[in-house]
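See below for the structure under consideration.
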Number of protein chains: 2
Amino acid sequence: MPPVSIRPAQITDCPRMLELVQELATYERAPNEVTIEIEHFMESGFGPNPVYWAIVAEAEGQVIGFALYYVRFSTWKGRKMYLEDILVTEAWRGKGVGSLLMDELITIAREKGFKGITWQVLDWNEPAINFYKRYAAKFDREWLNVTIDTP
Amino acid sequence: MPPVSIRPAQITDCPRMLELVQELATYERAPNEVTIEIEHFMESGFGPNPVYWAIVAEAEGQVIGFALYYVRFSTWKGRKMYLEDILVTEAWRGKGVGSLLMDELITIAREKGFKGITWQVLDWNEPAINFYKRYAAKFDREWLNVTIDTP
């Protein structure tokens, strides 16, 4: 396998990250749900008041995966890392790239003093669930996601 | 009903908010899960780099409920309000206090240009689910919560 490096995302990575988001949304059976605009994506992470942070995996001069997180505040536990996305492009799956990203996330979470990492996974996404089990992840089916629009 | 007012939370509200968090955790059958320390609670919302914001409902000189949120970044939709907690102390339930909090949250979400509000509810918490239905909330059972510790 060609060498894979992990580094903090830069604003110039945003178009490629959004491409990978679209790839994952298609896999998650929601190809039309990605409606974010690239300017909003860039500004939210790299403008004057960033609301997310990201790391990318790079190989052969191309971003082949990334992980994106923000700070969650749990009123039970305190500040946690919320992992919004971790993904690797299809051609590069099963080669350990996800583990490189995950290991770096755990390092960051420790450095920042977060009380753990939380995220969500689709209940039918077995490859992802099996991957997370390697990290002694706990799964909880008791909570429903709720959304309202605020036009 | 005595008048109820809604206002932004202040650092001095934190001890009472934490008391209400504990009350809700007990209702949610997790009385021993609240391990956050009050200093961490205060600093996270009112220190130099706040990671959450809150509004409180006040009546007869006491905080009787609150809502606490932070900024979520959805790679599909963009910046959203994530509603971590909305709660009213037991003696004051069923009197419209939750609606006052919810209406204010919607106003804030619009002012800040958030792409909607998301949160979670326990699948057996029917009173809460029925309350959210009044806001045309959409419920999604397909996602599991995942957590790892990062000691």
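The values are calculated or read from the model by the stated rules, or taken from the named source; none is laboratory data. Since this is a predicted model, take the numbers as computed values, not measurements. A quick note on method: Cβ atoms are made from the backbone with ideal geometry, for glycine too, and the neighbour counts reach across all protein chains shown. Please note that ligands, DNA and RNA were not included when accessible areas were found on the heavy atoms of the full protein model with its side chains. Shrake-Rupley method; radii C 1.70, N 1.55, O 1.52, S 1.80 Å.
When each full DSSP H helix of chain B is screened for a Cα extent of at least 15 Å along its own axis and an average Kyte-Doolittle hydropathy of at least -1.0, the helices passing are B:14-27, B:97-111. Across the alpha-carbon set of the stretch A:70-151, the Rg to Rh ratio works out to 0.99, Rh being the Kirkwood radius. Percent of C-alpha pairs per 10 Å bin in the protein assembly as shown, short distances first: 6, 26, 36, 22, 9, 2, 0. Note on the stretch B:2-56: Kirkwood radius taken over Cα pairs, Stokes-Einstein applied at 4 °C and 1.567 mPa s, translational D equal to 106 µm² s⁻¹.
Computed over chain B, relative contact order equals 19 percent, with contacts defined as Cα pairs under 8 Å that lie 6+ residues apart. Would you jot down the residues in the stretch A:66-91 that end up with at least 50 Å² less accessible area in the complete protein assembly than in the chain alone, with a 1.4 Å probe? Those are A:TYR70, A:PHE73, A:THR75, A:TRP76, A:LYS77, A:ARG79, A:GLU84, which lose 50 Å² or more relative to the chain on its own. A 1.4 Å probe run over the protein chains yields, for chain A, 48 Å² of accessible area per residue, whole-number rounding. Accessible surface buried at the B:A interface totals approximately 6000 Å², computed with a 1.4 Å probe on protein heavy atoms. Can you bin the stretch B:5-133 into rounded, prolate or oblate? Criterion: square roots of the alpha carbon gyration tensor eigenvalues sorted a ≥ b ≥ c, rounded for a/c under 1.5, prolate for a/b above b/c, oblate for the rest. Note, shape of the stretch B:5-133 comes out rounded. Once both labels are positioned 7 Å from their Cα atoms along Cα-to-Cβ, the gap between A:THR12 and A:ARG29 label points is 4.0 nm.
Report, in listed order, any pair from A:LYS95/B:LYS115; A:LYS138/B:LYS115; A:LYS77/A:LYS133; A:LYS112/B:LYS133 with a Cα-Cα distance greater than 26 Å. Correct reply: A:LYS95/B:LYS115; A:LYS138/B:LYS115; A:LYS112/B:LYS133.
Cβ-Cβ distance of A:LYS95 and B:GLU104, R₀ of 45 Å, FRET efficiency by 1/(1 + (r/R0)^6): the value works out to about 0.40.
A:VAL4 sits among other residues whose Cβ lies under 13 Å from its own Cβ, and their net charge, with Lys and Arg +1 and Asp and Glu -1, is -1. Computed over protein heavy atoms with a 1.4 Å probe, the carbon and sulfur contribution to the accessible area of the stretch B:40-151 reaches 47%.
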